[in-house]
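Heads up: the structure comes next, in structure tokens.
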């Protein structure tokens, strides 16, 4: 057998598969050609597509969802270690201790536990027991700890298989607990499944018999309800929600709000959590731990302190390291971190486009005339009112109108039924914005009066509609105005537009606001997030702290909590301070800058489709001749288009931004944009083929087939011509079945050759 002539697939099936199975690995321990990421979403304008996801040739498991090794295969024309760098990259992403590469002759092993590499013969691939022993020894796990570490994941017909990063978060947590660690922090970006991760942690610890009484803490009722009805549903029979300040000891899993466990100071009653002994709970999950209990002076902290013997796991998207609110100090260094940018790169989270809208009065400020009065007849205090004051200390009617008009224009551009959250300075501004948006969108408000609503902490009617807003299948409310209530914890999977018209004081608040729109729901048409920013809050994207763990505060640990702390203020409250209201004159939007996340995943680039596409094409192709050579060599031109996605290039987006190229061939678009060549339309290329009388050498029936194929190309392009099922559709059905059509050319080989010649004729002048 000539190995050099075999494909990579052949090498896998004939050599690598037998070698792995021969070493004692069972089929249940092997996963082949496994995509562990979805592939980053790329978008330009309203055009979307995905890059290729990351795919491992083999992942080897010591048990269900407990991977231990990765194997990358190459054909025999490549060296035995030709796949090692890729294997190592994937192994590091998946946190695997062993990586292998093979071309069918031997294996190369990289051991991350020792840093060593070695070559292994095909008949000497390590057994499962050997790899497990090496891993266990290096980690220092005892036989007593292994049943905890190997506890199974939960599976049923309704449960999604955990994603790779969720597996890592769960496994790292279980391993930390097995080692005796009792304070654990998990950092996962909003929308990446913190609750499903918590569910699997709880299930595995219960399955191991290690944790029997579990408390799940949150500070908002909607978070508890969402968790119970969704991710924690399999716990239904053993789970209860703490209500009426009563802890029923008959259950195993308790879902509770902090304020349900802490007595009001004015009631002069013992705290409800004291109904049970301090050792009643042996595991506590603290959801969104950046709030409430993270603060040293919070009344809620005493819940955690009372149950101090329990293992406590904090989960958040935004770890804090502020003096007096340091959850890093309380829970420790995260055992696992999965960032927003990593989620975007993997294709699990929505990428974002930012439109920074700069309003004249925000830039230049406002100083009232002497003795000037506002619309309510109040004399305006003499000082310079800056952007930070607008909406809080002073409001301009004209500015409100400009913001409302720009929001409406944005919705007209991206789709008026896009779920939208408008963050305003306070509840008063949220109401004013609601009224303006209702007027500007009266046609849709006539169809449903809930098209625009205010949802704030002081508005009972609005809060009643919150469930409908976050329901992926409910159309209304569509646009909501708010101040604080929707900034954190609310899971609105289809939110496609976030409007920022309030000053954002902290990175934590910014991350939480952006997190409302980070989820992908391509089945509902949501491929990306639009951010309309009137306050330049999105400058925080460029802050190094945006997507990293904060450093602990300078000067040591946070100060201790006072003995009799006051509970934190409610999330949102009506305006009580004096706010001037002014008409405002000559207020305009000075300029707008549209930017998107850079292809490096860190920088923001200004979006100019033509310039960006030209730059990216020239990264791939050194010259026009280089491109033409690659185009000619490609058996299928779709391979070219797919490759360009890895460079964030979407041909349809180029067409969208340049109507003159609407009917141009993909070939011509690339030549025109990258190398300034004149662009022919597809019809012009088809007519050139006809003028050359190319079809004359074929008999009439075959000639008709080729003429119809050329016509298809002129209408729809080269990718349509490459469709393997093209002969199954009109007008070819009139000629006969595909088998009959192929016979007109003397068989499949001749038909394929005729198609290649036709394609060559289409591009003859250029090539």
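The values are calculated or read from the model by the stated rules, or taken from the named source; none is laboratory data. None of the values given here were measured: they were computed from a predicted structure. FYI the Cβ positions are ideal-geometry reconstructions off the backbone, even for glycines, and counts take in every protein chain you see.
At-a-glance table
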{"read-out": "Test for residue 159: is it in a loop (DSSP other than H, G, I, E, B), over 22 Å from residue 308 (Cα atoms) and either in contact with a strand residue (DSSP E or B) (Cβ under 9 Å, 6 or more places away or on another chain) or in the same structural domain as residue 94 (by TED's automatic domain parsing) (or both)", "value": "no"}
{"read-out": "Entirely in segment 175-273, the helices (runs of 4 or more DSSP H) that have 3 or more residues that are in contact with a strand residue (DSSP E or B) (Cβ under 7 Å, 6 or more places away or on another chain)", "value": "194-207, 221-229"}
{"read-out": "All positions within segment 431-463 that are closer than 21 Å to residue 220 by Cα and out of contact with any helix residue (DSSP H, G or I) (no Cβ under 8 Å at 6 or more places or on another chain)", "value": "460, 461, 462, 463"}
{"read-out": "Any hit, segment 98-116, residues being under 28 Å from residue 155 (Cα atoms) and either part of a strand (DSSP E or B) or not assigned by TED's automatic domain parsing to the domain that holds residue 530 (or both)", "value": "yes"}
{"read-out": "From the options 156, 219, 150, residue that is under 27 Å from residue 276 (Cβ atoms) and either buried (at least 19 other Cβ atoms within 10 Å of the Cβ) or modelled with pLDDT under 95 (or both)", "value": "219"}
{"read-out": "Listing of helices (runs of 4 or more DSSP H) fully contained in segment 378-466 that carry 2 or more residues being within 30 Å of residue 365 (Cβ to Cβ) and in the same structural domain as residue 365 (by TED's automatic domain parsing)", "value": "397-414, 427-440"}
{"read-out": "Set 333, 367: member being surrounded by fewer than 18 Cβ atoms within 10 Å (Cβ to Cβ) and not assigned by TED's automatic domain parsing to the domain that holds residue 477", "value": "333"}
{"read-out": "Count - residues of segment 678-706 that are free of Cβ contacts under 8 Å to residues at least 60 places away in the same chain and crowded, with 17+ Cβ neighbours inside 10 Å", "value": "8"}
{"read-out": "Residue among 318, 333, 323 that alone is touching a helix residue (DSSP H, G or I) at 6+ places or on another chain (Cβ under 6 Å) and modelled with pLDDT under 90", "value": "318"}
{"read-out": "Residue satisfying condition, being out of contact with any strand residue (DSSP E or B) (no Cβ under 7 Å at 6 or more places or on another chain), at pLDDT below 95 and assigned to a helix (DSSP H, G or I), within set 702, 653", "value": "702"}
{"read-out": "Among residues of segment 633-645, those that are free of Cβ contacts under 8 Å to residues at least 40 places away in the same chain, surrounded by fewer than 17 Cβ atoms within 10 Å (Cβ to Cβ), more than 24 Å from the chain's Cα centre (by Cα) and not in a loop (DSSP other than H, G, I, E, B), counted", "value": "2"}
{"read-out": "All positions within segment 415-440 that are in contact with a strand residue (DSSP E or B) (Cβ under 6 Å, 6 or more places away or on another chain) and surrounded by fewer than 22 Cβ atoms within 10 Å (Cβ to Cβ)", "value": "418, 431, 438"}
{"read-out": "Selection count where residues are closer than 27 Å to residue 677 by Cβ, touching a strand residue (DSSP E or B) at 6+ places or on another chain (Cβ under 7 Å) and either modelled with pLDDT of 90 or more or part of a loop (DSSP other than H, G, I, E, B) (or both), scope segment 575-632", "value": "1"}
{"read-out": "Hits in segment 492-507 (condition: under 19 Å from the mean Cα position of the chain (by Cα), assigned to a loop (DSSP other than H, G, I, E, B) and at pLDDT 90 or above)", "value": "494"}
{"read-out": "Of residues in segment 398-414 being within 20 Å of residue 587 (Cα to Cα) and out of contact with any strand residue (DSSP E or B) (no Cβ under 7 Å at 6 or more places or on another chain), the one surrounded by the fewest Cβ atoms within 10 Å (Cβ to Cβ)", "value": "409"}
